[in-house]
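Note sheet for the following structure.
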Amino acid sequence: MATDGFVGVFDSGVGGISILRPLVRELPHERFVYFGDSANAPYGDKDPSEVLSLSRHIVQELLADGAKAIVIACNTATSAAAQTLRAEYPDVPIIGVEPALKPATLAPHHHRILVMATAATLSLDKFQRLEDRWGSDSEVIEVACVGLAELIEKGDPSLPQIHELLVKYLAQWRGKVDSVVLGCTHYPFIRKQIREVVGDVPLYDGGEGTARETRRRLTEEGLLAPAAQEGSVEFRSSINTPEELKLYERLFDLEV
Ligand code: DGL
């Protein structure tokens, strides 16, 4: 595989853009193609077999177009599809994302950790294994935020319905948790709104860790772009309209 291929990054929609940003910071010479499956979002309420088949289709297309590595910038798709896709494409580095429970449990205050994620992520084995590994000396409170990613897909973090849903899911935990893990890549776009409801506690997401892991895998495979290459980002979406692509660009530039 050639170093001049691109890194394909995908999610059910706009969420993975929160992973793309640290990726671009960590790997400024890479060419990235971001694919958001907004036409099929949300993934979090779907059967894992459907998420696998949607993910497989996206990976096939990205590889056919010249991807040298894939970043699954979606906790739900990582849980439902990463293992199978790695077995199907053993020569392609496929990097996933997982709820940042490890850094949350390594922080000085980790008595009670709240994990926000999709229903699918919390129900699949991968999360249970993560919790067994890192959550043993903490109380881990799992909150399946049904409907939240769908609202964030609309591209306006200040929507009143987002605040209402956060109050429904999180208000009861205000002042009662040491940290919050953002276990869905859509949630970093509403950091401010989450803090307004749950209080001023550390929020952990998988962005930086995924970016470092991607660098490590590209280096290991001899696939890092040469320093002379100019990095770039291209957005693609299954809702292929100029408005949708503009929304992706706006979220990429948004300060959160
Ligand atoms: N952004 C995704 C995740 O990290 C999925 C959200 C959804 O489509 O339900 O889980």
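Check whether at least one residue in segment 30-51 is farther than 16 Å from L151 by Cα, within 9 Å of the ligand (Cβ to nearest atom) and not aliphatic (A, V, I, L, M), and report yes or no. Checked against the condition, which is being farther than 16 Å from L151 by Cα, within 9 Å of the ligand (Cβ to nearest atom) and not aliphatic (A, V, I, L, M), segment 30-51 yields at least one hit. For segment 90-113, a residue qualifies if it is under 21 Å from F6 (Cα atoms) and within 16 Å of the ligand (Cβ to nearest atom), and the qualifying residues are I94, I95, G96, V97.
Taking segment 52-84, which residues are touching a residue at least 24 places away in the same chain (Cβ under 8 Å), away from the ligand (no atom under 14 Å from the Cβ) and within 19 Å of F235 (Cβ to Cβ)? Passing the criteria: V59, E61, L62, L63, D65, G66, A67, K68, A69, I70.
Residues of segment 58-88 that are within 14 Å of F10 (Cβ to Cβ), touching a Leu at 6+ places or on another chain (Cβ under 9 Å) and not polar (S, T, N, Q): V59, A69, I70, V71, I72, A73, A77, A80, A81, L85. Checked against (1) closer than 20 Å to Y43 by Cβ; (2) surrounded by fewer than 19 Cβ atoms within 10 Å (Cβ to Cβ); (3) touching a His at 6+ places or on another chain (Cβ under 8 Å), L148 passes all but a single condition, namely (2). Scanning segment 235-255 for residues being loosely packed, with under 12 Cβ neighbours inside 10 Å and either charged (D, E, K, R) or closer than 20 Å to T185 by Cβ (or both) gives a total of 3. Can you say whether L27 is surrounded by fewer than 24 Cβ atoms within 10 Å (Cβ to Cβ) and more than 10 Å from the ligand (Cβ to nearest atom), as far as the supplied structure shows? Judged against the criteria, L27 is a match. In segment 169-190, what residues are surrounded by 15 or more Cβ atoms within 10 Å (Cβ to Cβ), more than 23 Å from L247 (Cα to Cα) and either out of contact with any Cys (no Cβ under 9 Å at 6 or more places or on another chain) or touching a residue at least 60 places away in the same chain (Cβ under 8 Å) (or both)? Selection gives W173, V177, D178, S179, V180, V181. When restricted to residues that are part of a helix (DSSP H, G or I), within 16 Å of the ligand (Cβ to nearest atom) and of a type in the set (A, V, I, L, M), segment 165-194 contains 4. Do we have A87 as within 16 Å of the ligand (Cβ to nearest atom), surrounded by fewer than 22 Cβ atoms within 10 Å (Cβ to Cβ), in a helix (DSSP H, G or I) and among the small types (G, A, S) here? When the stated conditions are applied, A87 does not pass them. Note on segment 124-145: residues that are surrounded by 15 or more Cβ atoms within 10 Å (Cβ to Cβ) and farther than 27 Å from K192 by Cβ amount to 3.
Residues satisfying the criterion are absent from segment 119-139 (criterion: in a loop (DSSP other than H, G, I, E, B), modelled with pLDDT of 95 or more and either within 14 Å of the ligand (Cβ to nearest atom) or within 18 Å of the chain's Cα centre (by Cα) (or both)).
The values are calculated or read from the model by the stated rules, or taken from the named source; none is laboratory data. The structure presented is a predicted model; accordingly, all values stated were derived computationally and were not measured. Note: ideal-geometry Cβ built from the backbone for every residue, glycine included; neighbour counts use all protein chains shown.
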